[in-house]
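Participant: Attaching a single structure in structure tokens format; questions to follow.
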Amino acid sequence: MRKFFEKYYKILIICFSILVVAILGSIFVNLGINWYNNLLVPNQWIPNFVIPLVWTIVYILFAIILSLLSKNNLLTIKSIYLCAVNGVLNVLWCLVFFTLNQLLLGNIIIILNAFFGVLLLISLNKTNKIYVNILWIYILWLFIATSFNCALWILN
């Protein structure tokens, strides 16, 4: 068991960290879902069931790719820091937007999240271009979520 842990502890920490971000985000979303369901939303928008599906795919991709990069010793301290910042901003946005019902502050946080997401991909770009190209789904999704947040702020 000890050899297993020594061999895979970085991967376990990566997967655990991503799971914590996903669980905390989900808790904050569920706490504010009734408030969210009463907001005016744009007529042409993504159905609600798609949103958690895409986030699940993003988190799984991050777990796989960061684990592969870690296994090959390609994760730099800067990349790890930027991953942590993105995770904290994801959770913070869920708390501020859904639980605290703060549209403007939610917009500020998600814009910061998108900025640090781009910095993360730039940092990872030096490691493996295929992995980075796959992770562009995260940035695109953050940009879509940012535009939706701005629309909600304007409409409400």
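The values are calculated or read from the model by the stated rules, or taken from the named source; none is laboratory data. The shown structure was predicted, so the numbers you read here are calculated from the model rather than taken from an experiment. Note that each Cβ is placed from the backbone with ideal geometry, even for glycine, and that neighbours are counted across all protein chains shown. When the accessible area is computed, the model is the full protein with side chains, heavy atoms only, and any ligands, DNA or RNA have been set aside. Shrake-Rupley method; radii C 1.70, N 1.55, O 1.52, S 1.80 Å.
Participant: Express the relative contact order of the chain as a whole percentage, based on alpha carbon pairs under 8 Å and six or more residues apart in sequence.
Facilitator: 33 percent.
Participant: Quick one: length gained pulling residue 118 to residue 60 fully straight, 0.36 nm per residue minus the C-alpha distance?
Facilitator: Gain in length upon complete extension: 19.0 nm.
Participant: Give me the one-decimal nm value for the distance between modelled label points at residue 71 and residue 4, 7 Å along each residue's Cα-to-Cβ direction.
Facilitator: 1.6
Participant: Only sites in a loop by DSSP and with at most 16 other Cβ atoms within 10 Å count here; which chymotrypsin sites (Phe, Trp or Tyr not before Pro) in the range 7-53 make the cut?
Facilitator: Counting only loop positions with at most 16 other Cβ atoms within 10 Å, the chymotrypsin sites (Phe, Trp or Tyr not before Pro) in the range 7-53 are 45, 49.
Participant: So what are the radius of gyration and Dmax for the Cα set of the range 113-156, in Å?
Facilitator: Rg then Dmax for the range 113-156, in Å: 12.9, 43.
Participant: According to the Cα gyration tensor, what semi-axes, each the square root of 5 times an eigenvalue, does the equivalent ellipsoid of the chain have, listed from largest to smallest in whole Å?
Facilitator: Here the semi-axes work out to 30, 17, 13 Å.
Participant: Run the accessible area of the range 15-122 with a 1.4 Å probe and give the carbon-and-sulfur part as a rounded percent.
Facilitator: C and S fraction of accessible area: 75 percent.
Participant: Return the lysines within reach of residue 3: Cα separation strictly under 17 angstrom, same-chain partners fewer than 8 residues apart disregarded; answer none if there are no such residues.
Facilitator: 71
Participant: Once the Cα gyration tensor of the range 7-61 is found, what semi-axes does its equivalent ellipsoid get, as square roots of 5 times the eigenvalues, in whole Å, sorted largest first?
Facilitator: Value: 30, 14, 5 Å, ordered largest first.
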